[in-house]
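> Okay, handing you the structure first.
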Amino acid sequence: MANIERGLMRLMRITNHPLEVVSVRDFTPLYRRIRFHSPELVDALEVSPTLWMRLWVPNERTGDVSQRGYTFVEADANAGTFDVDFVLHDEPGPAGDWAKQAEPGQQLELALTPANLSIPEDATHWVVVGDLTALPAINSLIEVAPAHVRVSAAIEDAHVDHHARLPVSSHPQLEAAWVVPAVRDHGGELAAWMRRLDVDPADLWVWGAGERGLVKAVRSVCKDVWRLDRTRHFTQAYWIKGKAGR
Ligand SMILES: Cc1cc2nc3c(=O)[nH]c(=O)nc-3n(C[C@H](O)[C@H](O)[C@H](O)COP(=O)(O)OP(=O)(O)OC[C@H]3O[C@@H](n4cnc5c(N)ncnc54)[C@H](O)[C@@H]3O)c2cc1C
């Protein structure tokens, strides 16, 4: 059967770039960094915070490939490499399953997505939040935040034993927190953490991503509690509990 996603992307003249796995590094049993070699892609890449790709991964269920969103980490122009951090989640899914068995020499493809993030220059307090899937993007924001900006970052994750071993970028004005969710809840505790922050909404810019319910809870604090203008917050659902990605 024809792969409709790939056909549509061909019609839209979106190029697929070949990649080869160079190395695999486990920060914890749940969080794996994979380095890919793709010199032409890296050469053309304009890395910006939260930049993401559509990664094509083998799908055993369909016998074809499927695309899933992943965030660029650490592109090295000299080596022609870049990294991707994978959450090795328990539920079966083509991307998570592929990452669990990845080894050097394996080949994949990816398509680039346009960068569309706009951060207001007068925002002196960035609140950046999400779950583990958003940690790479949160790190990319921490890394570009100007020194005078206060950065409040929180990552919601239930696995308390591995937090200290996960990679969190540094910044002179960073206050970072791990938030443990309530059972079967996405975003409730994170929203409570946001509400406890000492903020002046006039200074704020908020970025949030992760499971759809979490994103809804974050958006609600931005709109209903802090009454932020649309230009002062950006949220994106990265995945949906119980539903395979597209
Ligand atoms: C812009 C963007 C950037 C992203 N960046 C990253 C990134 O850098 N690293 C990263 O790990 N993910 C990232 N994601 C999220 C990732 O694309 C999804 O988690 C994706 O659903 C994983 O695909 P899969 O094939 O493993 O599972 P799917 O086939 O999509 O889903 C199968 C099952 O697994 C569940 N599931 C999916 N993801 C998770 C999860 N994280 N935890 C628990 N259950 C899950 C689903 O609810 C479903 O029940 C990003 C998503 C987007 C849109």
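The values are calculated or read from the model by the stated rules, or taken from the named source; none is laboratory data. Just so it is clear, the structure is predicted and the values come from calculations on it, not from any experiment. Cβ: placed from backbone, ideal geometry, glycine included. Neighbour counts: every protein chain shown. In case anyone asks, the SASA skips ligands and DNA or RNA and just uses the protein heavy atoms, side chains included. Shrake-Rupley method; radii C 1.70, N 1.55, O 1.52, S 1.80 Å.
> If I ask for residues that are of a type in the set (A, V, I, L, M, F, W, C) and over 29 Å from ALA147 (Cβ atoms), which ones from region 175-191 would you list?
Answer for region 175-191, where residues must be of a type in the set (A, V, I, L, M, F, W, C) and over 29 Å from ALA147 (Cβ atoms): VAL180, ALA182, VAL183.
> Right, another one. Name the pairs whose Cβ atoms lie under 6 Å apart, with the first residue in region 144-164 and over 30 Å from VAL183 (Cα atoms), the second in a loop (DSSP other than H, G, I, E, B) and not polar (S, T, N, Q), and 6 or more positions between them or separate chains?
From region 144-164, the pairs are VAL144/PRO49; ALA145/HIS171; ALA147/PRO172.
> Only one of ALA102, ALA95 is touching a Lys or Arg at 6+ places or on another chain (Cβ under 7 Å) and not acidic (Asp, Glu). Can you tell me which?
The match here is ALA95.
> Say whether the condition of being within 15 Å of the ligand (Cβ to nearest atom), part of a loop (DSSP other than H, G, I, E, B) and open to solvent by 10 Å² or more (accessible area, probe 1.4 Å) is met by at least one residue in region 116-135.
Checked against the condition, which is being within 15 Å of the ligand (Cβ to nearest atom), part of a loop (DSSP other than H, G, I, E, B) and open to solvent by 10 Å² or more (accessible area, probe 1.4 Å), region 116-135 yields at least one hit.
> Of everything in region 67-88, what is open to solvent by 20 Å² or more (accessible area, probe 1.4 Å), in contact with a Leu (Cβ under 9 Å, 6 or more places away or on another chain) and not in a strand (DSSP E or B)? Give them in sequence order.
ALA77 - this is the single residue of region 67-88 that is open to solvent by 20 Å² or more (accessible area, probe 1.4 Å), in contact with a Leu (Cβ under 9 Å, 6 or more places away or on another chain) and not in a strand (DSSP E or B).
> Quick test of your reading of the structure: GLU91 fulfils all but one of (1) away from the ligand (no atom under 12 Å from the Cβ); (2) closer than 25 Å to THR235 by Cβ; (3) assigned to a loop (DSSP other than H, G, I, E, B). Name the failing condition by number.
With (1) away from the ligand (no atom under 12 Å from the Cβ); (2) closer than 25 Å to THR235 by Cβ; (3) assigned to a loop (DSSP other than H, G, I, E, B) applied to GLU91, the lone miss is (1).
> I've got another one for you. Residues that are farther than 30 Å from VAL221 by Cβ, open to solvent by less than 10 Å² (accessible area, probe 1.4 Å) and either at pLDDT below 95 or not polar (S, T, N, Q) (or both): does region 91-101 have at least one?
Yes, region 91-101 contains a residue that is farther than 30 Å from VAL221 by Cβ, open to solvent by less than 10 Å² (accessible area, probe 1.4 Å) and either at pLDDT below 95 or not polar (S, T, N, Q) (or both).
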